[in-house]
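Student: Pasting a structure below so you can have a look.
The values are calculated or read from the model by the stated rules, or taken from the named source; none is laboratory data. The structure presented is a predicted model; accordingly, all values stated were derived computationally and were not measured. Here the Cβ positions follow ideal geometry from the backbone for every residue, glycine too, while neighbour counts run over all protein chains shown. Surface areas here come from the heavy atoms of the whole protein model, side chains and all, with no ligands, DNA or RNA. Shrake-Rupley method; radii C 1.70, N 1.55, O 1.52, S 1.80 Å.
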Amino acid sequence: MNLPRDKRVLLGVTGGIAAYKTPELVRQLGAAGIGVDVAMTEAAREFVTPVTLQAVSGRPVWNDLWDARVPNNMAHIELSRDKGLILIAPASADFIGKLANGLCDDLLSTVALARECPLAVAPAMNRQMWEHPATQRNVQRLRDDGVEVWGPAAGDQACGEVGMGRMLEPEQLCERVVRAFTPKVLDGLRVLITAGPTFERIDAVRAITNLSSGKMGYSIARAAWEAGAEVTLVSGPTALQPPPVARVEHVASAQQMLAAVNSCVATTDIFISVAAVADYHVLNPSEQKIKKDAHILTIELAPNPDILASVSALANPPFCVGFAAESENLDEFAEAKRRRKRLPLLAANLVQTAFGADDNELVLFDDQGRHPLPRAPKIEQARMLVAHIASIYEPQ
Ligand code: PMT
């Protein structure tokens, strides 16, 4: 495993039915470029086999405090020294109790006590066990000791009951590991992002909208969250699941998007305007479905407010990042837009390849000039954009 420390995690699996989800978690961590070693408790082996976890991690699995495969016979020390994080998932009530009290009578609890790196736990148990004062006391003690507690979530439980105690899904745990390993270049900054299309009503069933999928804006929201920002996402209609940011506001029309932006812009440090906002709205939308007849139908359109221009014109504007979607003359039109809207930074992309696609190829324009980014998945483009913003950000 030729990876730096901040790309290696030790996954500790304890005895709970949610252990059956850990092979998928290991697979997703691997896909995110994170190397995984697995250590299991005896009870965990009742729920998932070491063979399965060895197969998906491509690494030997550990569970014996006296494992002689480690040259100095000190697995409890060696296993965590090359790791950037220990994640215990699922973390049973019993194991949380052990951690809270510093007990170490097996390999995993001993590694956790002997660690130098951060520790995160993903609790998973029956709702009564989770709500029990003893568990709550133990969890609070872990928090006080600086341990991160990820979840649990509410929902259906394996025992047939419904309530708090479900382990977070592998995807949610994976995104938290990625965040834990990301440099906090926007730490503590409040970032407001608009994303997706707007939806301008014509009648009860029809509207003017566009082909923006929201992928670029949602990726930027995720990248800013990974970088430590407190993110508010104002989204037009999309089919996407939002990233786990502080606040998500769903809107339809440009007017609604403007109102949502205005409601929080005063407490925003950085505004990133990714939404493809309709330039016009229908002057008199019909409450009823417009009936078809033989005549030409004329719909009157009136200009929408320019949300980005109105924010950058504020007396104390946040640091504003604009986007430009152009079908030709990318550089010329983008730089003209940046100057007209008085933006410190603008990201330009080609309409033909950006709308709806999974990849993008942004060109950034700022006072220092033109900075083309290599074509990459939108989440990678978003991370590069966030790094660039952090490198030139100045409080306005
Ligand atoms: O959502 P995806 O499918 O992932 O596609 C991403 C994208 C192509 C939509 C995105 O990368 C992008 O280019 N967004 C801006 C699209 C756009 O409307 O560009 P524009 O050149 O028309 O607008 C310029 C800037 O003004 C943009 O920051 C826009 O958000 C803002 N604007 C425009 C009009 C308006 N009434 N209010 C605005 O705030």
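Student: DSSP beta bridges in the chain, what fraction antiparallel, as a percent rounded to 5? Please list the in-between numbers first.
Tutor: Numbers: 19 of 62 bridges.
Of those bridges, close to 30 percent are antiparallel.
Student: Pull up the DSSP beta bridges for the range 301-384 and report the antiparallel fraction as a percent, rounded to 5.
Tutor: Working: 10 of 16 bridges.
Percentage antiparallel, nearest 5: 60.
Student: Under 12 Å Cα to Cα from LYS291, which aspartates and glutamates show up? Leave out anything in the same chain fewer than 8 places away.
Tutor: Leaving aside aspartates and glutamates fewer than 8 places away in the same chain, those within reach of LYS291 are ASP203.
Student: Quick query: amide H of ASN63 versus all other amide H atoms, modeled in the peptide plane; which residues come in under 5 Å with a sequence gap of 5 or more or a different chain?
Tutor: Distant-sequence amide H within range of ASN63: MET40.
Student: Any idea what log10 I(q)/I(0) is at q = 0.13, 0.15 Å⁻¹ for the range 165-216, Debye with uniform C-alpha scatterers and no solvent?
Tutor: Taken in order of the listed q values, log10 I(q)/I(0) reads -0.65, -0.76.
Student: Give a residue-ordered list of calculated ³J(HN,Hα) values for the range 24-38 (Karplus: 6.51 cos²θ - 1.76 cosθ + 1.60, θ = phi - 60°; whole Hz; x for Gly, Pro).
Tutor: Each residue of the range 24-38 in turn: 5, 4, 4, 4, 5, 5, x, 5, 8, x, 10, x, 10, 9, 10 Hz.
Student: Collect residues whose amide H, placed 1.01 Å from N in the peptide plane, falls under 5 Å from the amide H of ASN360; neighbours closer than 5 in sequence don't count.
Tutor: When sequence neighbours closer than 5 places are left aside, the close amide H contacts are ALA376, LYS378.
Student: In the range 309-376, which trypsin sites (Lys or Arg not before Pro) are in a loop and have at most 15 other Cβ atoms within 10 Å, using DSSP for the loop call? Walk me through the numbers before you get to the answer.
Tutor: Numbers: sites: LYS337, ARG338, ARG339, ARG340, LYS341, ARG342, ARG370, ARG375; in loops: LYS341, ARG342, ARG375.
Here the sparse-neighbourhood loop sites are ARG342, ARG375.
Student: Here is a follow-up. If amide hydrogens are placed 1.01 Å from N in the peptide plane, which non-local residues have theirs closer than 5 Å to the one on ARG190?
Tutor: Those lying under 5 Å, H to H, from ARG190 are GLU230, ASP269, ILE270.
Student: May I ask you to give the average projected area over all directions of the convex hull of the Cα atoms of the range 190-392, in nm² rounded to one decimal? Kindly include the intermediate steps, with their values, before the conclusion.
Tutor: On the way: hull surface 48.6 nm².
Approximately 12.1 nm², given one-decimal rounding.
Student: Moving to a separate point now. Place the peptides 244-252, 286-294, 319-327, 69-77 in order of packing, highest mean first, counting for every residue the other Cβ atoms within 10 Å and averaging per peptide. Write out the running numbers ahead of the final one.
Tutor: Values: 244-252: 15.8, 286-294: 8.9, 319-327: 20.7, 69-77: 14.0.
In decreasing order of mean packing, 244-252, 286-294, 319-327, 69-77 become 319-327, 244-252, 69-77, 286-294.
Student: OK, next. Viscosity 1.567 mPa s, temperature 4 °C: Stokes-Einstein D of the chain from its Kirkwood Cα radius, in µm² per second? Write out the running numbers ahead of the final one.
Tutor: On the way: Rh = 23.6 Å.
Rounded to a whole number, D works out at 55 µm²/s.
Student: How large is the direction-averaged shadow of the alpha-carbon convex hull of the range 5-181, in nm²?
Tutor: Working: hull surface 36.4 nm².
That works out to 9.1 nm², a quarter of the Cα hull's surface.
Student: Okay, moving on. Taking +1 at the Cβ of each Lys and Arg and -1 at the Cβ of each Asp and Glu, which of PRO305, ALA266, LEU107 sits farthest along the dipole of the chain towards its positive end, judged by Cα position relative to the Cα centre?
Tutor: Positive-end residue among those listed: PRO305.
Student: If you don't mind, another one. Expressed as a whole percentage, what fraction of the accessible surface of the chain belongs to carbon and sulfur atoms when a 1.4 Å probe is rolled over the protein heavy atoms?
Tutor: Solvent-exposed carbon and sulfur of the chain make up 52 percent of the total.
Student: Ratio of alpha-carbon Rg to the 2.2 N^0.38 Å globular estimate for the range 22-102, to two decimals, please. Walk me through the numbers before you get to the answer.
Tutor: Working: Rg = 13.0 Å, N = 81, 2.2 N^0.38 = 11.7 Å.
After normalising by residue count via 2.2 N^0.38 Å, the value is 1.11.
Student: Please list, or write none, the aspartates and glutamates whose alpha carbon is within less than 12 Å of the alpha carbon of LYS98, excluding same-chain residues fewer than 8 places away.
Tutor: Partners found: ASP106.
Student: Let me ask you something else. Given a 1.4 angstrom probe, what's the average accessible area per residue across the chain, in square angstrom?
Tutor: On the way: 19050 Å² over 396 residues.
Per residue, the chain has 48 Å² of solvent-accessible surface.
Student: Also, I was wondering about something else. Express in % the proportion of alpha carbon pairs of the range 111-195 at distances exceeding 16 Å.
Tutor: Details: 2309 of 3570 pairs.
Cα-Cα pairs of the range 111-195 separated by over 16 Å account for 65 percent.
Student: Follow-up question, since we're still on this one. Using the scaling law 2.2 N^0.38 Å as the reference, what is the normalised Cα Rg of the range 158-265? Walk me through the numbers before you get to the answer.
Tutor: Details: Rg = 16.6 Å, N = 108, 2.2 N^0.38 = 13.0 Å.
Cα Rg divided by the expected 2.2 N^0.38 Å: 1.28.
Student: Hey, what do the phi angles of the range 64-76 turn into as Karplus ³J(HN,Hα) couplings, whole Hz, using 6.51/-1.76/1.60 and θ = phi - 60°, x for Gly and Pro?
Tutor: In residue order, the calculated couplings are 10, 4, 9, 4, 7, 5, 7, x, 8, 6, 10, 4, 5 Hz.
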